[in-house]
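Right, one structure below, let's go through it.
The values are calculated or read from the model by the stated rules, or taken from the named source; none is laboratory data. Being a predicted model, the structure only gives us computed values, none of them experimental. Every residue, glycine among them, receives a Cβ derived from its backbone with ideal geometry; neighbour counts consider all protein chains shown. SASA here: full protein model, heavy atoms, side chains in, ligands and nucleic acids out. Shrake-Rupley method; radii C 1.70, N 1.55, O 1.52, S 1.80 Å.
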Amino acid sequence: MNQPFILCFIDDDEIYHYTVTRSLKSLGLTKKVLIFSDGEQAMWFLIDNIANNENLPDVIFLDLNMPVMNGWQFIEEYVKLKPKIGKVITIYVITSSSDPADLERAKVISEISDYIIKPAKPEMIKGILENLERTIGSTDGNFFFNTTADDVT
Amino acid sequence: MLLSNHQNLRRSSFLFVLTGIFIILLGGIGAAGWSLNISVLKSVFPSYATMKFNTALCVITSGLCFIMLIRYDDLFLKSLFRLLLVAFGAFSLISLSQDIFHYSAGIDQLFATDYNSITRGLPFPGRMSPSTALCFSLLAISLSGIDSKSTIYKNVSQYLLHAITLIAFISLIGYLFKVPYSRKFSFFSTMALNTGISFLLLSIVASVINFNLGFTRFFTGNGIGNIMARRLFPGMLASLIVVGYISIELQRGNYITPEFAVVLSTVTFLLIGLFLILGTLVAMNRIDLKRTEAVNECLRLNKNLEEIVLQRTRELKHSNEKFIKIFNANPTCIVITRLDTGEYADANPALVEMLGYTREELIGHTSLELSVVTPAYRQYMVDNMNNKGFMRNEDGVFKDKNNADKHCIVSAELFEDRDQKYMMSFIYDITERKIIENNLQDTKKSLEFLTDKLNNQNKQLLSFAHIISHNLRAPVSNLNLLVHFYKESTTQEDKDELWGNFETVIEHLNSTLDELLETLKIQEDIAKEREALSFEKTFNGIKEILIGQIKESNAVITADFSKAQEIVYPKIYLESIMLNLISNALKYKSPERIPEITITSDNIAGEAILTVKDNGLGIDMARHSENLFGLRKTFHRHAEAKGVGLFLTKTQVETMGGEISAESVVDEGSVFKITFNKMQA
């Protein structure tokens, strides 16, 4: 099992993009990373690569408050798409919303593995990834920075 | 009517007719005697005078006449009655005239030959006796006048009947006392026994027809004299006849002398008279006693009645006093009006006080004349009275002298007094209660309004809390991480890079705080000064501000403010609202279409409404309706989309008590609708 381990971040916050990539870098985790500014863009990527398992992410870190398609709407669409995807994708919600209502809502969605409140320190991300690697068992991969349409403020 | 004064008309009529039939029968027997030549039928006893055939005919005729007199009602029978009356009257008169003028008219044996008289050698065979003829003449006259309208004629008829009775009676007494058949007595003695009976019966019965005239009136009626007459007369008559008969027989048998016979009869009659008087006396005393008792009873009853009347009067007076007290002291208005005219008959002090009219101003005037009630309400009350007879606790409005409304609860009752219908109304003034009720309602309304407003503010506060948690946490957490990296960074280059990011975050934080502060400012400005603003003028101002974008996009903007031209609203807000909506419409235009923007004002149920319609990109309402007006919510990847405009607009509209809603179809356009002042109803 020497497949590259692909991470996906969906968030509209540019600074967050910066801190995440920097965290990964500082942790020395050289992984393939996908970054999208809203749910819709991520969705289009999934649909485009539905047949290519090697391109699909293993983990998605999803923000809730986003323009055009927010986190909830993304999950809805993802549930519809899931049967066609031939890969196990783990989804974490990572958001600045500490609203209990949002937490409750996330709990009842089985596709969401955990709910993380920002700021997510590099150590926290490291722990999650190590956990996942243990279950999936892949180590090496190329660090790959993907920038898609990123012009949204 | 002939028998109109008879109490039992059927019985009287029956008895009269029966008498008539009996008379006809007597005459018939006589006539039969002549036809069959049976002497018993002619004279009862062979030695007595016979009822001549002419007499028999006259008896039958008079009997018929009598029945007709009683029973006739049609004109024909009346005429026949008169004819028969004239016939036997004339016949008997001719017969009588023969005796007076000593001639023969040839009627004596016209129908039958009188062999009896011829064999006995009596004069004028077949001729009826002069007394009989006289009686028939009198009877004819009497019967013709018995139902006359003239009292004199009626009286004459009555006395003629009495004369017939007398003549017949004398004849019959003659037979009874066996008075010798002599020349001197011949006038009476020549009348046959059966003829005499006929006359006696007929004359007495006929005299009963007018029982209140002549001697008959002695025996009829319930007067004490009448009773006495009825008791005494039969006894007197019988005793006289018996005494006379006995003394005549004794004298005839030569037991006593004629003089003694007279003495004997006189004394006997006196003695019998005494007993008769005694009997009458006892009877009369008994009657008198009864009368006295009746009088006493009557007096007693009268006294009782008087006491009852007094008692009733007292009770009535008492109840009347009670009523007057209830009427005058009642805090409820009581008024009595005539049902037909509505005229006030009486009004109690409570009503006088409520309406402000004096009692004198009310009484005699109608409620309509004084406009106390409307004609429709009065009619309603009258209808109630006529249909049900009462009203119970119904609402009514009355006007007092100052034309002020009095809200009342009304009950009413119908009653009659001296054939006049009246309505007694009980009116309870609840005007003050009504006012308080209205005040309460107003207070309730304003409380509800306040509650709505508070709820609204609460909602705003809640969403504000959300905004803070969502929009401030993100930059703060970013700062956190950046600080973390900064501490760990070793190269100056790295530090510079981080520093640049710090600036971005702080800028972002700053603008977010500015927006929040602006929102807070709006919410503080609830009492912002409102002024009358023209939609048209405001719109023109906005157009000038946006002139650049409009020209650039070739947008076609149409406005129609004809339905609502003005609004009372804070000037800055109206401008801000219009600016945001129109600039949004321009900003999110479709790249494939020339923008068309329509702005209309409307007035629905007193609420000013502003609608802004465009043909732009539209918003996916299924996805975004929840967040449409949220802070930092954007729906298009547009460089200028900040998610602030609609949020501010909503805050402004809601703070001023209005409402904003949107409809949209992707790639067709959006409609934003603002209802201003919704809560200031």
Please give the solvent-accessible surface of residue A:115 in Å², to the nearest 10, using a probe radius of 1.4 Å with every protein chain present.
30 Å²
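Using the crude model of +1 on Lys and Arg Cβ and -1 on Asp and Glu Cβ, and no other charge, please compute the dipole size for segment B:351-454 relative to its Cα centre, in debye to 20. Each step should come with its number before you reach the end.
Working: 14 positive and 19 negative charges, 43 e Å.
Roughly 200 debye, rounded to the nearest 20.
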Cross-link partners among aspartates and glutamates for residue B:495, C-alpha distance below 16 Å, same-chain residues fewer than 8 apart left out?
B:503
Rounding to the nearest 10 and keeping the result within 0 to 90°, find how far the Cα-based axis of helix B:258-329 lies from the longest principal axis of chain B.
10 degrees
Most to least packed among B:59-70, B:492-503, B:77-88 [average Cβ atoms within 10 Å]
B:59-70, B:77-88, B:492-503
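What is the dipole size for chain B, taken about its Cα centre, with +1 at each Lys and Arg Cβ and -1 at each Asp and Glu Cβ, in debye to the nearest 20? Mind showing how you got there, number by number?
Values: 67 positive and 70 negative charges, 1499 e Å.
Roughly 7200 debye for chain B.
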Rounded to whole angstroms and listed largest first, the alpha-carbon spread of segment B:9-220 along its three principal axes comes to 49, 37, 33
So what is the diffusion coefficient of segment B:5-86 in µm² per second by Stokes-Einstein at 37 °C and 0.692 mPa s, using a Kirkwood Rh over Cα pairs?
237 µm²/s
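Mind checking A:64-74 for the average number of partner chain beta-carbons within 10 Å of each residue's beta-carbon?
On the way: counts 1, 7, 2, 11, 8, 4, 5, 0, 2, 4, 0.
Across A:64-74, the average partner-chain Cβ count within 10 Å equals 4.
Could you order peptides A:64-73, B:194-203 by the average number of other Cβ atoms within 10 Å of their residues, highest first? Display every interim value, and only then the final one.
Numbers: A:64-73: 22.6, B:194-203: 24.3.
The peptides rank, most packed first, as B:194-203, A:64-73.
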Would you tell me the mean number of C-beta atoms belonging to other protein chains that fall within 10 Å of each C-beta in A:93-101, as a whole number?
3
From the P(r) of segment B:528-675, could you give the percentage of C-alpha pairs in the tail past 21 Å?
40 percent
If segment B:160-290 were replaced by its equivalent ellipsoid, with semi-axes equal to the square roots of 5 times the Cα gyration tensor eigenvalues, what would those be, largest first, whole Å?
30, 24, 8
Spelling out what I want: for every residue of segment B:245-253, take phi, set θ = phi - 60°, compute 6.51 cos²θ - 1.76 cosθ + 1.60 (Karplus), and round to whole Hz; glycine and proline get x.
4, 4, 5, 5, 5, 4, 5, 4, x
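Rounded to the nearest whole Å³, what is the per residue volume of the convex hull around the Cα atoms of segment B:330-429?
Enclosed volume per residue, from the Cα hull, is 88 Å³.
Counting pairs of alpha carbon atoms under 8 Å apart in space and at least six apart in sequence, what relative contact order in percent does segment B:330-429 give?
After rounding, I find 30 percent.
Given a 1.4 Å probe and heavy atoms of the protein chains only, how would you sort B:96, B:617, largest accessible area at the top? Working shown, then result.
Details: B:96 25, B:617 50 Å².
Greatest to least solvent exposure: B:617, B:96.
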Please report the Cα spread of chain B along all three principal axes, rounded to whole Å, starting with the longest.
205, 61, 48
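Mind checking the mean number of beta-carbon atoms from other chains within 10 Å of the Cβ atoms in B:622-629? Kindly include the intermediate steps, with their values, before the conclusion.
Details: counts 1, 8, 5, 0, 2, 3, 0, 0.
Across the residues of B:622-629, the mean count of other-chain Cβ atoms within 10 Å is 2.
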Which one, B:235, B:40, B:534, is farthest towards the positive end of the dipole of chain B when Lys and Arg carry +1 and Asp and Glu -1 on their Cβ?
B:40
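Can you work out D for the protein assembly as shown in µm² s⁻¹ from Stokes-Einstein, where Rh is the Kirkwood radius over C-alpha pairs, the temperature is 25 °C and the viscosity is 0.890 mPa s? Intermediate values should be presented prior to the final figure.
On the way: Rh = 42.7 Å.
It comes out at roughly 57 µm²/s.
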Treating only the Cβ atoms of Lys and Arg (+1) and Asp and Glu (-1) as charged, compute the dipole magnitude of segment B:222-322 about its Cα centre; round to the nearest 20 debye.
400 debye
List, in the order given, every pair from B:543/B:589; B:571/B:642; B:388/B:421; B:521/B:613; A:107/B:459; B:406/B:444 whose Cα-Cα distance in the structure shown is over 20 Å.
B:571/B:642; B:521/B:613; A:107/B:459; B:406/B:444
How do B:583-595, B:162-174 rank on mean C-beta neighbours within 10 Å, highest first?
B:162-174, B:583-595
Roughly what angle does helix B:9-36 make with the longest principal axis of chain B, taking Cα atoms, 0 to 90 degrees, to the nearest 10?
30 degrees
Accessible area (Å², 1.4 Å probe, nearest 10) - residue B:365:
70 Å²
Taking residue B:42 as the anchor, which lysines have their alpha carbon closer than 20 Å to its alpha carbon, excluding any fewer than eight residues away along the same chain?
B:52, B:178
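If you average 1/r over every pair of different alpha-carbon atoms in segment B:240-359 and take one over that average, what Kirkwood value in Å do you get?
Numbers: mean 1/r = 0.0445 Å⁻¹.
Evaluated over segment B:240-359, this radius sits at 22.5 Å.
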Enter the angle in degrees (range 0 to 90, nearest 10) between the Cα long axis of helix B:75-101 and the first principal axis of the Cα atoms of chain B, meaning the one along which they spread out most.
20 degrees
Computed accessible area, residue B:312, all protein chains, 1.4 angstrom probe, square angstrom
150 Å²
